[in-house]
1. Please give, to one decimal in nm, the separation of the simple spin-label points placed at residue 15 and residue 88, each 7 Å out from Cα toward the Cβ.
2. Quick check on the chain: take the gyration tensor over C-alpha atoms, sort the square-rooted eigenvalues as a ≥ b ≥ c, and tell me if it's rounded (a/c under 1.5), prolate or oblate.
3. Where in the range 15-55 is the amide nitrogen less than 20 Å from a point lying 7 Å along the Cα-to-Cβ axis of residue 3?
4. Label the range 1-40 by shape, choosing from rounded, prolate and oblate, from the square roots a ≥ b ≥ c of the eigenvalues of the Cα gyration tensor; if a/c is under 1.5 it is rounded, and otherwise prolate applies when a/b is larger than b/c, oblate when it is not.
5. Find the relative contact order for the chain and round it to a whole percent, using C-alpha pairs within less than 8 Å whose residues are 6+ positions apart.
6. Kindly express, to the nearest 10 degrees and within the range 0 to 90, the angle between helix 24-49's C-alpha long axis and the longest C-alpha principal axis of the chain.
7. At 222 nm, what helix-only mean residue ellipticity would the chain give, in deg cm²/dmol to the nearest 500, using -39500 (n - 2.57) for each DSSP H run of four or more?
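Read-outs: derived from the displayed coordinates by stated rules, not from any lab. All values reported here derive from a predicted model rather than from experimental measurement. Note: ideal-geometry Cβ built from the backbone for every residue, glycine included; neighbour counts use all protein chains shown.
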């Protein structure tokens with residue numbers, strides 16, 4: 001899903017623009033958010049594989065694995081998601097403020 005959305009954003013930015021110039025800050029933000037979301041999904045899949053396949057026969061089973069939120073991969077996943085959301089919020093607020101201040 002992320003790849004389709006990011007690809008369509010790049011297509012629209014490159015080929016469907018009315019202005020000849022692309023805002024580099026917005027493109028950089030989109031690339032950064034795509035990287036964060038890709039890493040977040042990858043860590044989530046890794047956690048699912050660990051919990052349901054690799055460590056399924058451990059004491060407590062998958063329930064014990066998923067209830068332990070202090071696993072480094074889970075902490076990294078939550079931190080990356082938080083950075084992605086906060087980065088998007090700051091950029092959205094900045095863009096909204098810029099548009100509101102430049103309107104006649």
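1. Those two pseudo-labels are separated by 2.6 nm.
2. Taking the square roots of the gyration eigenvalues as a ≥ b ≥ c, the chain is prolate.
3. The answer is 30-49, whose backbone nitrogens lie closer than 20 Å to the label point.
4. The shape class here is oblate.
5. 29
6. Helix 24-49 sits at roughly 10 degrees to that axis.
7. Helices in the chain give a 222 nm mean residue ellipticity of -25500 deg cm²/dmol.
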